[in-house]
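Colleague: This structure is in structure tokens; I'll ask about it shortly.
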Amino acid sequence: MPAPDVEAVASAPGYQLIRRNGAVTPFDAAKIAVALTKAFLAVEGQSAAASRRIHDIVAGLTDQIVANLTRRPDVGRTFHIEDVQDQVELALMRGEHHKVARAYVLYREARARERAKALAVVHPGGDAAAVLHVRTADGALVPLDAARLSTVIGEACAGLDGVSAVAVLNEARRNLYDGISLDELAQAPILAARTLVETEPNYSKVSARLLLDKLRREALSFVAGRPEQATQAEMAERYGDYLGAYVRTGIANDLLDPELGRFNLSRLAAALKPERDLAFDYLGFQTLYDRYFLHVRGTRFELPQAFFMRVAMGLALREIDREARAIEFYDLLSSFDFMASTPTLFNAGTLRAQLSSCFLTTVADDLDGIFKAVKDNALLAKYSGGLGNDWTRVRGLGAHIKGTNGESQGVVPFLKVANDTAIAVNQGGKRKGAVCAYLETWHVDIEDFLDLRKNTGDERRRTHDMNTANWVPDLFMERVEEDGPWTLFSPDEAPDLHDLYGPAFKAAYLAYEARAARGEMKVFKQVRALDLWRRMLTMLFETGHPWITFKDPCNIRSPQQHVGVVHSSNLCTEITLNTSDDEVAVCNLGSVNLFSHIADGRLDMEKLARTVRIAMRMLDNVIDINFYTIPEARRSNLRHRPVGLGIMGFQDALQALRLPYGSDAAVRFADESMEAISFHAISASVDLAAERGRYPSFAGSLWSQGILPIDSLERLAEARGGADFDRSRTLDWDSLRQRVVATGMRNSNCMAIAPTATISNICGVSQSIEPAYQNLYVKSNMSGDFTVVNAALVHDLKARGLWDEVMVSDLKYFDGSLGEIARIPDDLKDLYATAFEIDPAWLVEAAERRQKWIDQAQSLNLYIASPSGKKLDELYRLAWKRGLKTTYYLRSRSATHVEKSTLKGTDGKLNAVAATVPPAVAAFPAAISGEAVDSEAWGNACAINDPTCEACQ
């Protein structure tokens, strides 16, 4: 093939190309076009007709290649020649120009062999690398320390199976050039290791350790005030001295609470475990590097173990022996056995220690109350709080306004204001504000509420950036079941419905219906309940909103029903706390890593009990240390002291136990594991009550009556006329019940399962209670694109001799799913089934077993590969019948899938697949929906930079 190597790319200002000899030249997109043209002509001939067609094809391919190179933030503004050629291959394959692509690959291989032979002649048995120089921060050129580069890469690979320091070093050298900057030098081995992740998951840890070396140089130099660096081995000796310098630096820059400087830092330094810096996967460490580590104008000075110690110190500020407690908290966090929520990690130990995750408010039916709620949203969101607003009290469209003798415009215009406020207040520049609006199903504006997230209609009545949720009473579901009528009211005419639930709600609602029938209600509307239900499901399918949450289970089973009403859940549907004009509910979250408590094929109960005991103390401490931005939040939190202990790594735990998610055994494990966490969380709260006193509103609560969460299930069954719920149990609940009544509880609520969108990434485990979204995928975040692989799956495939380039290619083609790969055994297909391969009924059944133990709720996403009206109807009715309090996102396949890249075998053959996209889910059945599908709104798993999830965890 006569086409030459592509020696330049992109005539974009400031972009450069590294040639194979290390020389750096400006990019030139025209050379890509020339190379592509020669390649096509060599394969297809040089007729006039072919030339015209080739010209058009080449122009489009060149634009794609330039865009793919320049859009990647991970490679900066300098590309290696091999990167360009890789993109040429990808573009040819994606365009299905297979003959040209095959010829191009064979040509590259031949040229590589020729260069190798020439190199052997010129440098027999020697190293051909020229002496390179590094440009320091002050502009000076110093020789590249090749020995240190080898040492750092060797340390990064140490103790990891299946990785090669030589492979990383050789790949890194390709991206070195004379005059390379320190940052580019640090980035080169990271990028090199990242390219190898899809062949061996342990390269993810290698990448993380190489990024750690970059962070060490950055942090050590900043706290020392001069250029510093250290290898991992050297850091083991230096971490202690660094901790004191770090605390002083943070205080001097007004980032850390000066109280941290009064800890016995020598004692804390002795407790640091530098080796835990090596435990991160790349995704987790990159997340911390980008978003969590403290920095001064972009320069990070916080190393991982200092980060965990800072959080631990911040949570131990008011302990008697605060060094001992800080060490205890540090050990739990740095081991990944438990992780505090994102606001706690962001702010613990800082000058503004807003550590709480979720805030719930109820909005009054007057302008003062409405705009106070909007202002409160802004103040709460400023310091990383996720918000849930109950809007049910606001009168509906057409309702009379006494003060002006006019008619109300309803709730929608005010929701628009709340939506725009969430965007304006961006949580200190860290992420967008995030809020969810709740409305009860009997509100006369409910039909307009359902349309808020649509992409069509009057933009003044749309809230594209705010989440919405239905607050559904049992009576409505009963009317759906019997295909009966449903009457909508304005809350100014039916004010007591807002605070009523269960039989009392039913009685009042029937009375209002009778009044409406007699013409005594001014604003009301009657609809068919089943039609409204179908419309709710249609909007949920099309826009992802409003979510379906259930009012009666949340209230009937609430331990705090003696002092208020649960009017909504929160941003992520796991919090169920009372709200009123005087109290803004607050919840403080953290999650147990279930996977780290699996040992010898079972759940380690002794370790779990210790983890929960320490975690509950940390969460309780948050309440007293917390920085409250509004008095209603402080009043509520100190009076009731609720916390939300959750779990993550559930899918990893199942895989470690060899239990498929879609199985009775997995449902039993969900039951038994949550029972253990509930038992130990309640027990820990009793212990804290004995030490610190009961929470102030304990008297009259269900706890005080000896009614634990498992017991409150009977109340729900009774309210529903004898519903059949699972009531099995294995632990000594009678003894614990006696302790609760005799001693009391420190916390009104103890458990809630949050999404853990980012903290699970930090710990390197699956999110929350989620099934795996894919076993192999390309992750995109602030630092570019990189491959994430299920390491457990790779381990199993290697053990059976099935892990090779063809398997990687197959996994990419089938979007991380094993189902269509014939050579994979059925037992592995079952064990590693992805979310869309599992019947969603299994998720509901597992959630039912957890819910009986939880005093709050759980963020439950539901996955359906091919939705239909019938499937959605059956699924959400099942969730209600099983007694679930809430559901979260409905997810289906989106049109964005794994990037299908080329792989080159040793024989030079092209081992790749075309970049085809599997069919997206078709439009919702016409019987249910007439709208187009907005798959982007609901078809993706929570991303790192998705504020909707991060605001909770």
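The values are calculated or read from the model by the stated rules, or taken from the named source; none is laboratory data. Keep in mind that what you see is a predicted model, and the values were worked out from it rather than measured. Positions of Cβ are generated from backbone atoms using ideal geometry, with glycine treated the same way; all protein chains shown enter the neighbour counts.
Colleague: Quick one: in region 355-391, which of the residues that are surrounded by fewer than 24 Cβ atoms within 10 Å (Cβ to Cβ) and in a loop (DSSP other than H, G, I, E, B) is nearest to the chain's Cα centre (by Cα)?
Modeller: The selected residue is Tyr383.
Colleague: If you don't mind, there's one more thing I want to ask. Look through Val168, Val142, Val206 and report the one residue that is farther than 30 Å from Leu255 by Cα, surrounded by fewer than 15 Cβ atoms within 10 Å (Cβ to Cβ), out of contact with any Asp or Glu (no Cβ under 6 Å at 6 or more places or on another chain) and among the β-branched types (Val, Ile, Thr). Don't jump to the end; show me each part of the working.
Modeller: Numbers: Val168 fails: surrounded by fewer than 15 Cβ atoms within 10 Å (Cβ to Cβ); Val206 fails: surrounded by fewer than 15 Cβ atoms within 10 Å (Cβ to Cβ).
Residue meeting the stated conditions: Val142.
Colleague: For region 145-165, how many residues are within 30 Å of Lys798 (Cα to Cα), surrounded by fewer than 16 Cβ atoms within 10 Å (Cβ to Cβ) and among the aliphatic types (A, V, I, L, M)?
Modeller: Within region 145-165, residues that are within 30 Å of Lys798 (Cα to Cα), surrounded by fewer than 16 Cβ atoms within 10 Å (Cβ to Cβ) and among the aliphatic types (A, V, I, L, M) number 1.
Colleague: Another question, if that's okay. State all residues of region 279-290 that are part of a helix (DSSP H, G or I) and surrounded by 19 or more Cβ atoms within 10 Å (Cβ to Cβ); if no residue qualifies, say none. Outline the logic, then answer.
Modeller: Applying the first criterion (part of a helix (DSSP H, G or I)) to region 279-290 yields 279, 282-290.
Tyr282, Leu283, Gly284, Phe285, Gln286, Thr287, Leu288, Tyr289 - these are the residues of region 279-290 that are part of a helix (DSSP H, G or I) and surrounded by 19 or more Cβ atoms within 10 Å (Cβ to Cβ).
Colleague: May I pose another question? Restricting attention to helices (runs of 4 or more DSSP H) lying wholly within region 497-586, give those where 1 or more residues are among the polar types (S, T, N, Q). Before you say what the answer is, go through the steps one by one.
Modeller: Details: elements: 502-517, 529-543, 551-556.
It comes to 529-543, 551-556.
Colleague: May I ask you to say which residue of Phe329, Phe346, Phe336, Phe307 is in a helix (DSSP H, G or I) and in contact with a Ser or Thr (Cβ under 8 Å, 6 or more places away or on another chain)?
Modeller: On the way: Phe329 fails: in contact with a Ser or Thr (Cβ under 8 Å, 6 or more places away or on another chain); Phe336 fails: in a helix (DSSP H, G or I); Phe307 fails: in contact with a Ser or Thr (Cβ under 8 Å, 6 or more places away or on another chain).
Answer to the selection: Phe346.
Colleague: Among the residues in region 478-496, are any touching a Pro at 6+ places or on another chain (Cβ under 8 Å) and among the hydroxyl-bearing types (Ser, Thr, Tyr)? I'd like the intermediate steps shown before the answer.
Modeller: First, the residues of region 478-496 that are touching a Pro at 6+ places or on another chain (Cβ under 8 Å): 479.
With among the hydroxyl-bearing types (Ser, Thr, Tyr) added as a condition, the list becomes none.
Checking region 478-496: not a single residue is touching a Pro at 6+ places or on another chain (Cβ under 8 Å) and among the hydroxyl-bearing types (Ser, Thr, Tyr).
Colleague: Let me ask something else. So which helices (runs of 4 or more DSSP H) stay within region 695-790 end to end and still have 1 or more residues that are touching a Pro at 6+ places or on another chain (Cβ under 8 Å)?
Modeller: Helices (runs of 4 or more DSSP H) meeting the threshold: 709-719.
Colleague: Among the residues of region 743-765, what is the count of those that are among the small types (Gly, Ala, Ser), modelled with pLDDT of 90 or more and crowded, with 24+ Cβ neighbours inside 10 Å? Walk me through how you get there before you give the answer.
Modeller: The first filter runs over region 743-765 and keeps only residues among the small types (Gly, Ala, Ser), leaving 744, 748, 752, 754, 757, 760, 764.
So of that shortlist, the ones also modelled with pLDDT of 90 or more come out as 744, 748, 752, 754, 760, 764.
Checking which are crowded, with 24+ Cβ neighbours inside 10 Å leaves us with 748, 752, 754, 760.
Matching residues across region 743-765 total 4.
Colleague: Among the residues of region 398-413, count how many are more than 13 Å from Asp366 (Cα to Cα) and either in contact (Cβ under 8 Å) with a residue 60 or more places away in the chain or outside the structural domain of Glu440 (by TED's automatic domain parsing) (or both).
Modeller: Here the count works out to 1.
Colleague: Of all residues being assigned to a loop (DSSP other than H, G, I, E, B) and of a type outside the set (S, T, N, Q) in region 853-880, which is nearest to Ser728 (Cα to Cα)? Just the residue, please. Full working, then the answer.
Modeller: Narrowing region 853-880 to residues assigned to a loop (DSSP other than H, G, I, E, B): 853-857, 859-861, 864-868.
Now narrow it down to the ones that are of a type outside the set (S, T, N, Q): 853-855, 857, 860, 864-865, 867.
Working: Trp853: 11, Ile854: 14, Asp855: 17, Ala857: 19, Leu860: 22, Ile864: 29, Ala865: 32, Pro867: 33 Å.
In this case the residue turns out to be Trp853.
Colleague: Next up: So, Phe679, is that one farther than 30 Å from Ala792 by Cβ, surrounded by fewer than 24 Cβ atoms within 10 Å (Cβ to Cβ) and in contact with a Leu (Cβ under 6 Å, 6 or more places away or on another chain) or not?
Modeller: Details: farther than 30 Å from Ala792 by Cβ: no; surrounded by fewer than 24 Cβ atoms within 10 Å (Cβ to Cβ): yes; in contact with a Leu (Cβ under 6 Å, 6 or more places away or on another chain): yes.
In short, no.
Colleague: Do we have any residue at all in region 167-176 that's part of a strand (DSSP E or B) and farther than 28 Å from His795 by Cβ? Outline the logic, then answer.
Modeller: From region 167-176, those part of a strand (DSSP E or B) are none; that's our starting set.
No: zero hits.
Colleague: Among (1) closer than 30 Å to Asp86 by Cα; (2) buried (at least 22 other Cβ atoms within 10 Å of the Cβ), there is one condition Tyr246 misses while meeting the rest; what is its number?
Modeller: Of everything listed in (1) closer than 30 Å to Asp86 by Cα; (2) buried (at least 22 other Cβ atoms within 10 Å of the Cβ), Tyr246 misses just condition (1).
Colleague: Okay, moving on. Filter region 245-269 for residues that are among the polar types (S, T, N, Q) and part of a helix (DSSP H, G or I); which is farthest from Arg322 (Cα to Cα)? Give the steps one after another, and end with the answer.
Modeller: Residues of region 245-269 that are among the polar types (S, T, N, Q), as a first pass: 249, 253, 264, 266.
Remaining after also requiring part of a helix (DSSP H, G or I): 249, 266.
Numbers: Thr249: 21, Ser266: 13 Å.
For region 245-269, the residue satisfying everything is Thr249.
Colleague: Does Ile623 meet the test of being free of Cβ contacts under 8 Å to residues at least 40 places away in the same chain and either under 20 Å from Ala469 (Cβ atoms) or assigned to a helix (DSSP H, G or I) (or both)?
Modeller: Here the answer is yes, as Ile623 does meet what is asked.
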